[in-house]
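Colleague: First the structure, then my questions, so here it is.
The values are calculated or read from the model by the stated rules, or taken from the named source; none is laboratory data. Treat the numbers as computed from the prediction; the structure is a model and nothing was measured. All Cβ positions, glycine included, derive from the backbone under ideal geometry; neighbour counts span all protein chains shown.
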Amino acid sequence: MSATFASLKYYNYRVWFGAALVANVGTWMQRIAQDWLVMQHLTDGSGAAVGIVTGLQFLPVLFLSAWAGVLADRLDRRKLLMFTQGAMGLLAAILGFLVLTDLVQLWHVYVLALLLGVVAAIDNPARQVFVAEMVPSSHLPNAVGLNSASFNAARLVGPGIAGLLIAAVGTGWAFVLNAVSFGATIWAMSIMRKAEFNRMPRPAREKGQIRQGLKYVRTRTDIIVIMVVVGVVSTFGLNFQLTSIVMVTEIFQKDAAEYGVLGSILAIGSLTGALVAARRKQPRVRLVIGAALMFGISAGIMAVMPNMELYGLVSIAVGFSSLTMLTAANATIQMSVEPQMRGRVMALYLIVVVGATPIGAPVVGWIAEEYGGRWGVGVGAIASIIVAIWAAFWTRKHWNYNVRYALRSRPLIKISYDAEPEEAQTEVSVLGASETGLSGSKGEVEDNCLSNSTPNTLVKPKVTAVGARPSAGRTHPPQSRRRKKGHKALTPQ
């Protein structure tokens, strides 16, 4: 099996992957149908109304995700997901019934979107952490990438099916089919092999667990940088279901079929980005920053495209860069946190990714309605470029550091990190008798710091003198683990 699909050799993940693909197709069908229902049938083309629906759907994430992260750390995630997937299927069925019986009103959509958001706030952290139970930690980046690939493969197919279905029989059946699709994930989880799960340690039930998660994240500058970058891009840039429908209907004067096709074109880039990410063994913070910058530039170009054909072409680059950013961020965080903290940290991450939508969607919807759809896309592009440039300068300023040491001999200095063995940290050898920069045997120290830890994180560097005495002016790997008499352990200044 190729490196891209390596995680599929594990039975539980293979079953989950197939079922999630089916459910994701249904989810994308509902997203398209819901926006079309609000935009074309329940309002007179109100982009603000679509923004409100989107905001209500993601608003609960802001208030419930931290608590949901505690549940994801404490409870059986498989059983929790079976409950949430069933609840989301029920809500989709109710909306489908209201549409098919011509009873639906705008406030119905608002209420159901809010309820769906409540369930999704509980579902999201558990679903993210559940991946780590189905594959070993060495395959976690690959599994995260394949999850994104599944989501975007569905995005490639779902909008097109929804567009054709809406044109043929209306929006109601799209909601019904989505309700049925959730049965696939429930069935998949019911047939998983419990003995093959990689059970992670669960924290004891005690007070202050949310506060512990906040305190942990506050000490991790690498996670904070990721959250700031992804949060800004998500707030103002990742509002595709809103900006796309405004551009298609108001700017390019197209109908539901073209709207669905545009969603599928965007997914081509997203799927490509996810598959490339699945081959990446060690994601890095700087990849998140670079992808955010690429997203801002490509979104800015997309905003000024004169016709739908060119708009769709540039959207491939937008989809690729956005998924590269999100997948790298997800994998970097999951691989660098302690297993018993993973649910709470991922919940806080999802607050800034998904929870940013209730803030950004109404704002972007208002801008699109007042100043045109192009400005709705352009605001996201400008914000993404600004935050990427800020993050690049901040990390360059704060994460470059030197080690000072002074000994009478020329010691061999070994840099190591207190971390799990699976995290594959770099060991660095340095020679000298005064202040020096660091160069690594497997890559630059700066690169290792950006991908694994920073001076302010919980992963603290150890610097110890080893008794080998290589030739002056050259860097060698460690020759001996035995320390010479008189040599002392060193720490960075």
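Colleague: Given THR219, THR243, which one is surrounded by fewer than 24 Cβ atoms within 10 Å (Cβ to Cβ) and among the hydroxyl-bearing types (Ser, Thr, Tyr)?
Modeller: The unique qualifying residue is THR219.
Colleague: Next up: Restricting to the range 363-373, name every residue that is surrounded by fewer than 19 Cβ atoms within 10 Å (Cβ to Cβ) and in contact (Cβ under 8 Å) with a residue 24 or more places away in the chain.
Modeller: Within the range 363-373, VAL363, TRP366, GLY372 qualify.
Colleague: Please state which one of VAL22, VAL15 is crowded, with 18+ Cβ neighbours inside 10 Å and over 21 Å from the mean Cα position of the chain (by Cα).
Modeller: Unique residue meeting the criteria: VAL15.
Colleague: Of the residues that make up the range 303-315, is at least one assigned by TED's automatic domain parsing to the domain that holds GLY263 and within 27 Å of ASN124 (Cα to Cα)?
Modeller: yes
Colleague: Hey, could you check the range 246-290 for residues that are outside any helix (DSSP H, G or I) and either of a type in the set (A, V, I, L, M) or within 26 Å of the chain's Cα centre (by Cα) (or both) and say which is surrounded by the most Cβ atoms within 10 Å (Cβ to Cβ)?
Modeller: Among those residues, the one meeting the criterion is PRO283.
Colleague: For the range 143-163, how many residues are more than 13 Å from the chain's Cα centre (by Cα) and either at pLDDT 85 or above or basic (Lys, Arg) (or both)?
Modeller: Qualifying residue count, the range 143-163: 3.
Yes/no per residue for (1) more than 30 Å from VAL169 (Cα to Cα); (2) β-branched (Val, Ile, Thr); (3) crowded, with 17+ Cβ neighbours inside 10 Å; (4) without any contact (Cβ under 8 Å) to a residue 12 or more places away in the chain:
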residue: LEU64; (1), (2), (3), (4): yes, no, yes, no
residue: THR84; (1), (2), (3), (4): no, yes, yes, no
residue: LEU95; (1), (2), (3), (4): no, no, yes, no
residue: VAL104; (1), (2), (3), (4): no, yes, yes, no
residue: ALA113; (1), (2), (3), (4): no, no, yes, no
residue: GLY117; (1), (2), (3), (4): no, no, yes, no
residue: ALA120; (1), (2), (3), (4): no, no, yes, no
residue: PHE130; (1), (2), (3), (4): yes, no, yes, no
